[in-house]
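Asker: Have a look at this one.
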Ligand code: SAH
Ligand code: MG
């Protein structure tokens, strides 16, 4: 009810390309960030004055394109799936944002991160079982603005569900482990929000 009320009050997504990417994602079951989630992320980018963003998990480029269009940041994004990568490149071209978004076609765990430079904000949104690995590999690149946002931490509510399937159960257990990990990292002030599919914000302590 409240969700309905707020989605009626809030402005809808109007950018034609972003609307069509969301439709494509729906039709092809590509798990892009929710509309609430991307608004939250874009506002964090603005509030923290982040200008360089690293994204782990590009998919079709929806979140990259939205971040750049709404905040003027520069994005480096990593994607390991070839179909997704090609789709993202096509969409970024269509948006005319080739100069603002650099997509790296590789597994984020294999990328030589020392070549990427520094980032003000890191958005972790790839394989959910690997979030701790991504966090620890890429936090080394954080500037002193230092914000890490991680997505899908309630995983469609499955973190509190009774799950039979062994693989799914293991995946959800790993997300639960990440959630404990992220709020307990002493170098960051972290909080997990019930926004979108569950998002943590971790701010590096000065
Ligand atoms: N950030 C996107 C959605 C990403 S979906 C958006 O909100 O618009 C997650 C993506 O991460 C998938 O496309 C998947 O192929 C990619 N991925 C998963 N594990 C990865 C890894 N280890 N390295 C790079 N990409 C990965
Ligand atoms: Mg996500």
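Asker: Give the calculated FRET efficiency between residue 46 and residue 23 to the nearest 0.05, with a Förster radius of 35 Å applied to their Cβ-Cβ distance. Walk me through the numbers before you get to the answer.
Answerer: Numbers: r = 26 Å, r/R0 = 0.75.
So the FRET efficiency works out to roughly 0.85.
Asker: Quick one: 17, 47, fewest Cβ neighbours within 10 Å first, how do they rank?
Answerer: Working: 17 18, 47 9.
Sorted ascending by nearby Cβ count, the order is 47, 17.
Asker: How long are the semi-axes of the equivalent ellipsoid of segment 158-206, taking √(5λ) for every eigenvalue λ of the Cα gyration tensor, in whole Å from largest down?
Answerer: For segment 158-206, the semi-axes come out at 25, 12, 6 Å.
Asker: Taking R0 as 30 Å, what's the FRET efficiency between residue 177 and residue 206 from their Cβ-Cβ distance, rounded to 0.05? Working shown, then result.
Answerer: On the way: r = 27 Å, r/R0 = 0.91.
Plugging the Cβ-Cβ distance into 1/(1 + (r/R0)^6) gives 0.65.
Asker: Same structure, new question: Would segment 1-47 count as rounded, prolate or oblate if I go by the C-alpha gyration tensor, calling it rounded below 1.5 in a/c and otherwise prolate when a/b exceeds b/c, oblate otherwise? Provide the component values of the computation, followed by the final result.
Answerer: On the way: a/c = 1.71, a/b = 1.24, b/c = 1.38.
Here segment 1-47 falls in the oblate category.
Asker: Would you kindly calculate the translational diffusion coefficient of segment 1-103, applying Stokes-Einstein with the Kirkwood radius from alpha carbon pairs, for 10 °C and a viscosity of 1.306 mPa s, and quote it in µm² s⁻¹ without decimals?
Answerer: Details: Rh = 14.1 Å.
My calculation gives 113 µm²/s for D.
Asker: Moving on to the next point. With both partners inside the chain, how many of the DSSP beta bridges are antiparallel, as a percent to the nearest 5? Intermediate results must be reported in sequence, preceding the final value.
Answerer: Numbers: 10 of 29 bridges.
Of all bridge pairs located within the chain, approximately 35 percent are antiparallel.
Asker: Another question about this same structure. For the chain, how big is the tail of P(r) above 30 Å, as a whole percent of Cα pairs? Don't skip to the end; give the middle numbers.
Answerer: Working: 3738 of 21115 pairs.
Beyond 30 Å sits 18 percent of the P(r) for the chain.
Asker: Separate question: For segment 156-173 and segment 89-134, compute the distance between their C-alpha centroids and round to whole Å.
Answerer: A separation of 27 Å, based on Cα centres.
Asker: Let me ask you something else. Hey, got the Cα dimensions of segment 53-171 along the principal axes, in Å, largest first?
Answerer: Principal axes ranked by extent give 46, 33, 27 Å for the Cα atoms.
Values in this text are rule-based calculations from the coordinates and carry no lab data. The shown structure was predicted, so the numbers you read here are calculated from the model rather than taken from an experiment. Quick reminder, even Gly has a Cβ in these numbers, built from the backbone with ideal geometry, and neighbours come from all protein chains shown.
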